[in-house]
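Here's the structure we're looking at; comments come further down.
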Amino acid sequence: MSNEAVKKSQIRIDVNLDKENLPISIEWDADDSDVEGKQAAKAMMLSMFDGINQNSMRIDLWTNELKVDEMNLFTYQTLSSLVDTFERATNNKELADEMRDFVHHFGHKADVFGPEHKH
């Protein structure tokens, strides 16, 4: 596998802030997106890993329009996709399944499934 770049793609994130520097709107677009133009978001979590310093860098933002039930769902979906990413990157199915158990527990505690869901 070559480390030579054959393509460059950009992701752009615009955050509009109020006078207290709190996000009032978040918009994003990407060169390789299937959707044309900027897309609105009520919240975002961006994580990057610095391999040199061996630490994670994060940006977590949400607008004042984000409701608690939306944050619960957003967090549940983010944790679920994080587990899938972890499993694909490490092939550690056993630990991923344990993580999924916690995410499922979180989903129940955060009431993201609705009344028809069986545990």
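The values are calculated or read from the model by the stated rules, or taken from the named source; none is laboratory data. In this text the structure is predicted, and so the values were computed from the model without any measurement. All Cβ positions, glycine included, derive from the backbone under ideal geometry; neighbour counts span all protein chains shown.
Quick notes on this one:
- For segment 1-37, residues that are touching a residue at least 12 places away in the same chain (Cβ under 8 Å), hydrophobic (A, V, I, L, M, F, W, C) and assigned to a strand (DSSP E or B) total 7.
- Whichever residue in segment 69-95 is more than 16 Å from the chain's Cα centre (by Cα) and of a type in the set (A, V, I, L, M, F, W, C) and, among such residues, is farthest from ALA41 (Cα to Cα): LEU95
- Verdict on VAL83 being in contact with a Ser or Thr (Cβ under 7 Å, 6 or more places away or on another chain) and outside the structural domain of ASP14 (by TED's automatic domain parsing): no
- Out of PHE74, PHE113, PHE86, PHE106, sole residue that is within 30 Å of GLU20 (Cα to Cα) and either in a loop (DSSP other than H, G, I, E, B) or hydrophobic (A, V, I, L, M, F, W, C) (or both): PHE74
- Evaluation of ARG58 against the conditions (1) exposed (fewer than 13 other Cβ atoms within 10 Å of the Cβ); (2) within 24 Å of PHE113 (Cα to Cα) shows that the sole unmet condition is (2).
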